[in-house]
1. Of all residues in the stretch A:61-84, how many are open to solvent by 50 Å² or more (accessible area, probe 1.4 Å), under 25 Å from A:MET257 (Cβ atoms) and in contact with a helix residue (DSSP H, G or I) (Cβ under 7 Å, 6 or more places away or on another chain)?
2. Do you know which of the residues in the stretch A:315-328 that are of a type outside the set (Gly, Ala, Ser) and more than 7 Å from chain B (Cβ to nearest Cβ) is nearest to B:SER514 (Cα to Cα)?
3. Determine the pairs where a residue that is facing chain B (nearest Cβ under 9 Å), located within the stretch A:431-451, has a partner that is buried (at least 24 other Cβ atoms within 10 Å of the Cβ) and not in a helix (DSSP H, G or I) with Cβ atoms under 6 Å apart, the partner being 6 or more residues away or on another chain.
4. Can you tell me which of (1) outside any helix (DSSP H, G or I); (2) at pLDDT below 95 is the one B:LEU129 doesn't meet?
5. Taking the condition assigned to a helix (DSSP H, G or I) and either surrounded by fewer than 24 Cβ atoms within 10 Å (Cβ to Cβ) or within 10 Å of chain A (Cβ to nearest Cβ) (or both), does B:GLY406 pass?
6. Inside the stretch A:152-178, can you point out the residues that are within 11 Å of chain B (Cβ to nearest Cβ) and not hydrophobic (A, V, I, L, M, F, W, C)?
7. B:VAL236 - would you say it is in contact with a Ser or Thr (Cβ under 9 Å, 6 or more places away or on another chain) and modelled with pLDDT of 95 or more?
8. Could you tell me which numbered condition B:THR423 fails, if it satisfies all but one of (1) surrounded by fewer than 22 Cβ atoms within 10 Å (Cβ to Cβ); (2) touching a residue at least 12 places away in the same chain (Cβ under 8 Å); (3) of a type outside the set (A, V, I, L, M)?
Protein chains: 2
Amino acid sequence: MAVSILNERDLHFMLYELFDAQGLCSRERFNDHNQETFEAALQTAKSVAARYLLPIRQKTDLQKPEFDGHRAHLIPEIKTAVQAVVDSGLASATADFEHGGMQLPSLVACAVSAHLTASGMSVMGYTTLTNANANLIQAHGSAEQIQKWVAPMRAGRFTGTMAMTEPGAGSGLADLITKAVKQPDGSYRITGSKIYISGGDHDLSDNIVHLVLARIQDAPKGVKGISLFIVPKRMVNEDGSVGEPNDVALTGLFHKMGGHAITSTALNFGEKGGAVGYLVGEANMGLSYMFHMMNEARLFVGMGATVMALAGYQYSLNYAKERPQGRLLSEKNPESAPVNIIEHSDVKRMLLAQKAYAEGALALCLFGARLHDDEKTADTPEQRKAGHTLLDFLTPIIKTWPSEYGLKANHYAIQVLGGAGYTNEHPVEMFYRENRLNPIHEGTTGIQSMDLLGRKVPANDFSGYQACLDAMQRTISQAAEQPALKEYANALAEAIRTLDSTTKTVLAATRAMSIDAAFSNSVKYLEVFGHVVIAWMWLKQGLVANQALTAQPGISDSEKHFYQGKLHTLQFFFRSELPEINHWAALISQLDTTNHEMQSEWF
Amino acid sequence: MAVSILNERDLHFMLYELFDAQGLCSRERFNDHNQETFEAALQTAKSVAARYLLPIRQKTDLQKPEFDGHRAHLIPEIKTAVQAVVDSGLASATADFEHGGMQLPSLVACAVSAHLTASGMSVMGYTTLTNANANLIQAHGSAEQIQKWVAPMRAGRFTGTMAMTEPGAGSGLADLITKAVKQPDGSYRITGSKIYISGGDHDLSDNIVHLVLARIQDAPKGVKGISLFIVPKRMVNEDGSVGEPNDVALTGLFHKMGGHAITSTALNFGEKGGAVGYLVGEANMGLSYMFHMMNEARLFVGMGATVMALAGYQYSLNYAKERPQGRLLSEKNPESAPVNIIEHSDVKRMLLAQKAYAEGALALCLFGARLHDDEKTADTPEQRKAGHTLLDFLTPIIKTWPSEYGLKANHYAIQVLGGAGYTNEHPVEMFYRENRLNPIHEGTTGIQSMDLLGRKVPANDFSGYQACLDAMQRTISQAAEQPALKEYANALAEAIRTLDSTTKTVLAATRAMSIDAAFSNSVKYLEVFGHVVIAWMWLKQGLVANQALTAQPGISDSEKHFYQGKLHTLQFFFRSELPEINHWAALISQLDTTNHEMQSEWF
């Protein structure tokens, strides 16, 4: 079976028809780019993925990293693949030309990453984390730190990690206890244990740059006393060469159900008296710097989950088109030939759900990337601020909705394949296992929901919230003018009224009851908001598709089918999925406190 | 952390307070039993599980069976464990005393199996399949066949499989092509390939008894031309000793994402001219015999999924009670001590959902087992027929609802543990992987939904359907008399009206539109019915709990807490879960044909 890993027609639709990637080229930063250079980058990604990542995808899943008591060892193909990605320039797709980057818009870079991720999500974890680490130091480090650490990371000589979680604290960063003690030379000595550090040890690079959260002596308690340190695996000499080992010990590997190519490590800092660390920026500002990286990482998690959903959808679609089995219910002749399973209504349902989830999530992630471009490069300060405000607001949704529904999409991909789906003869069970990590790492769905309802919604006098609602209203106004879309425009308007009244009710309730009780359905609130936002993304896609079909009657059959598919999936999402919010919203609005009132001893 | 694998107080509640296990002892077949003998069997299961299964649970997950090109090899601990289960008598818990069985009611045997399954679901696959195979031959085979094959399976010398699926046919049994040619001696020669045969090869037993579906030459096309054969791995001599190999070749193992202890095999029959097979019962009746076994297997799948859900719930509950992390949202003092995560409302929500799914599913499975006892041993023919009718009707729901919602429960178990949940330091990710098989094997959710809507509902002039609705109405009448339960009695009555009107609408629609279109939301119909049935199971539990609390004011605090937990979970299910059916029912009743109308080329 010839397998298309991703639907390139759809990527084209998203970039050029939906989000106007070509329009970005008029901005100064992207002046040297045009649709051809974007396409060249996409084709490079596709070919690097096909040559280096796809051939080892299953092998990296089956041959997990090994721990010899001191170090972690990977299969050597991973090093070759990571180096190929770095050498192709794709690992620094958005970085400045002068730093060896491609200076691509985030929108296009996100589509580029889709090709790589589909063929090797966990291998790409090394470059993604390294890039995010480098971006953080570039934004908040000193000139000397940038020179010493960022340059070799951009070149692929060093890799980077973020080391936040501690065994005793988990997501509760306020309670982290890793210690930093200042030395006469201005450096610090770091002592403590960190867990779940992705890429925390391996044999891919000359050095590993850990970004470590720790407390300087006598710092304030809680999150306001956390600082950020560069703690290299090995010391780096004045001339940039790698020297003696630092006091950082690998104590073990975690074995996750998916994402096997990237090590998940437990690290001890300072077993021999203290690991050398260098303060980034100001003391006690560590968490706000780390959130810079975390926000970027959250968008990547959403995109990774989306790509797994897309890849599973495409794989199960191809399978369904080619696998004959059974007959239609209406066919009573046992001597008739079996039909391909795509003809069965229930298989269509599972494929439609996958398409709705995966392409809805893709539109959302690319919309987020486009907002990131606006934040950085839009023409006016107002536009840049607007981009920032909306992206910041949407971040918990971009992280969470694709993670939850991408996993559900992969569930259906397995189900379409039946008994074959859960064997490793097909990759869909691997996508499913890899995707199971996404609703947890970089902030669980529960944490994201409290971030949305408790922080993002009321922040700055509801400015992000209102900007989101206003943007949706603009799409509704456009759609209401097209007869074929009027039904959906009205449905989205109604859904927004439900959302808005739910929002007001639950926030008002915090004055009458404890916030723990009022927020006890916060995850349902995030689901309501997520579904409304994805419905919006489908209405946006429907607008473009409907215009293409009505304005270009002479387009080819395959183009017609593409747009008809978009409109039909819009219909599916609005009829099957969007109405789910009514029950969830009712539960929240009734201030149901069943969860909160449950007592520990009643379980 | 001391981990209780299952909640024994709840098993006691289900057996003696909800389903009157002790009442069964007045039936002739169970005259020798009483609550003490039941408890003895349960304790035996618990101790065999603790001694032989739990210690190797993770090892069987990590060390998968190996194929040397000829045979499959397991770690030797599996043989020891299977033998221990057989020697304890638990493998034949329901079989007659005279055949070495314990002659336990199915209700009690089901609870016994929970202890074993929780500690080793896939190891138990060997004995479960062997038992189902032996039961089928006992029911439909000749006296000689019973003597030759059943006796050694009961003794643990032989194991059994069912070999249905073929590479070209999958679930489409009508298209299977394995051939059977009659020989002068009355035996047959079997030629064909079968896949996904659980336990199809291993080194646990002296012989393997395959029950193989095949077509005799010139048999009718389709499902009416399928016969059932006993095809042993090795021939058996007149004296019962094992002789030469039969012409059955293991061609490979499938590697599934879960359930690693039991091999999933590809077998070739007749590579050297034809495997010797013996016809069971009459020619062309094979599928109806196999459905005897399949129905039993479907109930086991539902129970297995339930037990994984129970085990994941219990594990994550224990974890949540002992893991300090974070503070309540209302706690603003960063110097306050972290709380155990069970205090967080969102963690309570995930535990409540697990309790609602797992204990709701357990009640349903045990209710099914109790119906099986009624079918076999109730006092009057009418009662036996009533048991059969209702169990037959509920089978697709008992198979599917626990499979789908048990998996969802395991999703939450992982989520409660956060980053620890997807590592193999805890078993919840394994439960999740094992449970992912259950919505597929023994008939996918899609197939079950069409069985329910297309066959079970209209069968015998709606007699099973009506019996189910009547039984629910009886519970509603009882509950309506208790003020604390009136709200739920009314809600269930309303839900049944919704279900009934949906049923009538969709079946009437098959006269106006194609059945493929009318049934295109059959899975949603199964979800509606499943949710109504589980709501009923929770109302039944609520009745007992409410009576216990009102009638026995002097009970201990821990007893009070147990019953309060039941009532609070009833509230959770009725407020959070049951209302989901309204949207699904509306979609079906509106005869939405979005799925059906999707065209293959639009994807």
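1. As a first pass, look at the stretch A:61-84 and keep what is open to solvent by 50 Å² or more (accessible area, probe 1.4 Å): A:62-64, A:66-68, A:70-71, A:73, A:76-77, A:79-80, A:83.
Among the residues that remain, those that are also under 25 Å from A:MET257 (Cβ atoms) are: A:62-64, A:66-68, A:71, A:73, A:76-77, A:79.
Remaining after also requiring in contact with a helix residue (DSSP H, G or I) (Cβ under 7 Å, 6 or more places away or on another chain): A:77.
So the answer is 1.
2. Taking the stretch A:315-328 as the starting set, the residues that turn out to be of a type outside the set (Gly, Ala, Ser) are A:315, A:317-319, A:321-325, A:327-328.
Still in the list and also more than 7 Å from chain B (Cβ to nearest Cβ): A:315, A:318-319, A:322-324, A:327.
Values: A:TYR315: 29, A:ASN318: 26, A:TYR319: 26, A:GLU322: 24, A:ARG323: 23, A:PRO324: 21, A:ARG327: 14 Å.
The qualifying residue nearest to B:SER514 (Cα to Cα) is A:ARG327.
3. Filtered contacts from the stretch A:431-451: A:LEU437/A:GLY259; A:THR445/A:PRO439.
4. Answer for B:LEU129: the failing condition is (1).
5. Working: assigned to a helix (DSSP H, G or I): yes; either surrounded by fewer than 24 Cβ atoms within 10 Å (Cβ to Cβ) or within 10 Å of chain A (Cβ to nearest Cβ) (or both): no.
So B:GLY406 does not fit the description; no.
6. Of everything in the stretch A:152-178, those that are within 11 Å of chain B (Cβ to nearest Cβ) and not hydrophobic (A, V, I, L, M, F, W, C) turn out to be A:THR165, A:GLU166, A:PRO167, A:GLY168, A:GLY170, A:SER171, A:GLY172, A:ASP175.
7. On the way: in contact with a Ser or Thr (Cβ under 9 Å, 6 or more places away or on another chain): no; modelled with pLDDT of 95 or more: yes.
For B:VAL236, the condition - in contact with a Ser or Thr (Cβ under 9 Å, 6 or more places away or on another chain) and modelled with pLDDT of 95 or more - is not met.
8. (2)
The values are calculated or read from the model by the stated rules, or taken from the named source; none is laboratory data. Only a predicted model underlies this, so the values are computations on that prediction, with no experimental measurement involved. Quick reminder, even Gly has a Cβ in these numbers, built from the backbone with ideal geometry, and neighbours come from all protein chains shown. Protein only, heavy atoms only, side chains kept; ligands, DNA and RNA dropped before computing areas. Shrake-Rupley method; radii C 1.70, N 1.55, O 1.52, S 1.80 Å.
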